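One structure is given below, encoded as structure tokens.
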Amino acid sequence: MNDIRYGLLLPSGQTQVEAAGSARGLVDLVVEVERRGFDSAWVGDSLLRTRIEPLTLLASAASVTERITLGTAVLLPAYRNPVQAALTIASLDALSRGRLILGVGGGFPGISEPEFETSGVAFKTRFSHMDDAVRLWRRLWSGNTEPFEGRILRYGWLPESPRPHRPGGPPIWLGGITPAALRRTGRLYDGWLPYPPLLSDYSDGLAAIRAESAAAGRPDDAVTPALFATVCLDEDPVRGRERLRHYAETTYGLPLETVEQIQVLITGSAEQVAAQLRRYTDAGARHILLRIAAIEERTFIEQLDRVTALLPLLTATVSGAGSMARL
């Protein structure tokens, strides 16, 4: 039985939105992604790279879809007032009838410092701030308005939050693969959403999370292992790599050789891409988030067609692999 899900990252960057002609097209795209059979649709978050605000976009998408899971990959809690964010997220979970997954992260050293300064959050305490925000959100979503005392966040008075659709609120996944991020994931979070280019890093990270989760007395299935993978389907390896290069340079302003040391980037034929992704599902990944390496609308649509055609191959590949342990 195939217990692995596949999602698509929406192209919500300003450059991509301008290429598509309108922001409303992103909402229409979620409807199309749902129709094509994807399990989930995701949106990123940034102050450095102009993009449509993710919670606003997902609220619009929730009103026109019925089945598909909606997620953030990833939301940075530091950019929003923690109390107001709790109310917004609970409202979004209610509007989507419990179809929300909240991926969160703490930014990148050497890149994210200006964003944190603008948001009024000290970069050196960003992870403690994030953990506090998550604990605060869960407390408010459970109906507890008692004073909150975290390592960074402290509130003597808290408002009542709208009740989310799911008791306790949406699952919260952490993006990150540092030892500290792995410990946090095992102790506090509901899922893991990394993008390591080395399979060994993924396997070792998942083992560390499982050990930390067990030590904390959590159930075996407390943490959902996921993967964020950037793909470009192309039978020509040279052309595929050049497309990845164009995407890396346009999106990050960095050479491909730098980005591929940080993120998993895959190009090749449908069979080759499926084989690469299977290595991660064999290692335990159960939710694969695919980002299409395309900026221009024409290229994105062409790649979306190819990725859609890839889904049955992925499902067949997993089904033929026999049963695998679920986390």
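The values are calculated or read from the model by the stated rules, or taken from the named source; none is laboratory data. Fair warning: this is a prediction, and the values are worked out from it, not measured in the lab. Glycine also receives a Cβ, built like all others from the backbone with ideal geometry; neighbour counts cover every protein chain displayed. Each accessible area value is taken on the protein alone, full model and side chains, heavy atoms only, with ligands, DNA and RNA left out. Shrake-Rupley method; radii C 1.70, N 1.55, O 1.52, S 1.80 Å.
Figures for the structure shown
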read-out	value
Charge sum, other residues only, whose C-beta stays under 15 Å from GLY7's C-beta, Lys/Arg counted +1 and Asp/Glu -1	+3
Solvent-free Debye scattering, log10 I(q)/I(0), computed from the Cα coordinates of segment 200-281 at q = 0.11, 0.12, 0.14, 0.25 Å⁻¹	-0.41, -0.48, -0.61, -1.16
Length gained when the stretch ASP236-GLU113 is fully extended (0.36 nm per residue, less Cα-Cα span)	40.4 nm
Net +/- balance of residues flanking LEU158 in space, Cβ distance below 14 Å, scoring K and R +1, D and E -1	0
Cα-centred dipole magnitude for segment 1-148, charges only on beta-carbon of K, R (+1) and D, E (-1), debye, nearest 20	180
Chymotrypsin sites (Phe, Trp or Tyr not before Pro) restricted to DSSP loop in segment 123-181 with at most 14 other C-beta within 10 Å	TRP157
Helical contribution to [θ] at 222 nm, DSSP H n ≥ 4, -39,500 (n - 2.57), averaged over the chain, rounded to 500	-14000 deg cm²/dmol
For the chain, built as a Gaussian network whose Cα springs stay under 10 Å, the top-fluctuating residue of ASP236, ASP204, ASP28	ASP236
Extreme residue, positive dipole direction of the chain, given options GLY44, TRP137, TYR280 (C-beta unit charges)	TRP137
Accessible heavy-atom area order of PHE108, PHE38, highest first, probe of 1.4 Å	PHE108, PHE38
Descending Cα extents along the principal axes, segment 156-229, whole Å	44, 29, 25
Where labels lie 7 Å past Cα in the beta-carbon direction, separation of THR145 and ALA23 in nm	3.2
Among GLY168, ALA59, ALA226 the positive-end extreme of the charge dipole of the chain (Cβ point charges)	GLY168
Cα-based Rg and Dmax for segment 5-315, where Dmax is the largest Cα-Cα distance (Å)	18.9, 60
Residue among SER40, SER96, SER200 with the largest mean-square fluctuation in a Gaussian network model of the chain, springs linking Cα atoms under 10 Å	SER200
Most fluctuating residue given options THR230, THR56, THR315, as computed from a GNM of the chain linking Cα atoms under 10 Å	THR56
Gyration tensor (alpha-carbon) shape descriptor, segment 46-98, a/c threshold 1.5	oblate
Segment 201-248 and segment 252-280: distance between their alpha carbon centers, rounded to Å	10
Of SER213, ALA309, LEU244, farthest towards positive along the dipole that unit charges on Lys, Arg, Asp, Glu beta carbons give the chain	SER213
Förster radius 30 Å - calculated FRET efficiency between LEU199 and LEU153, Cβ distance, rounded to 0.05	0.20
Alpha carbon convex hull of segment 10-130, volume per residue in cubic angstrom	102
DSSP-defined antiparallel bridges as percent of all bridges, the chain, nearest 5	10
Proximal charge balance of LEU206 [Cβ under 12 Å; K/R count +1, D/E count -1]	-2
Magnitude of the charge dipole, the chain, Cβ model with Lys/Arg +1 and Asp/Glu -1, debye to 20	820
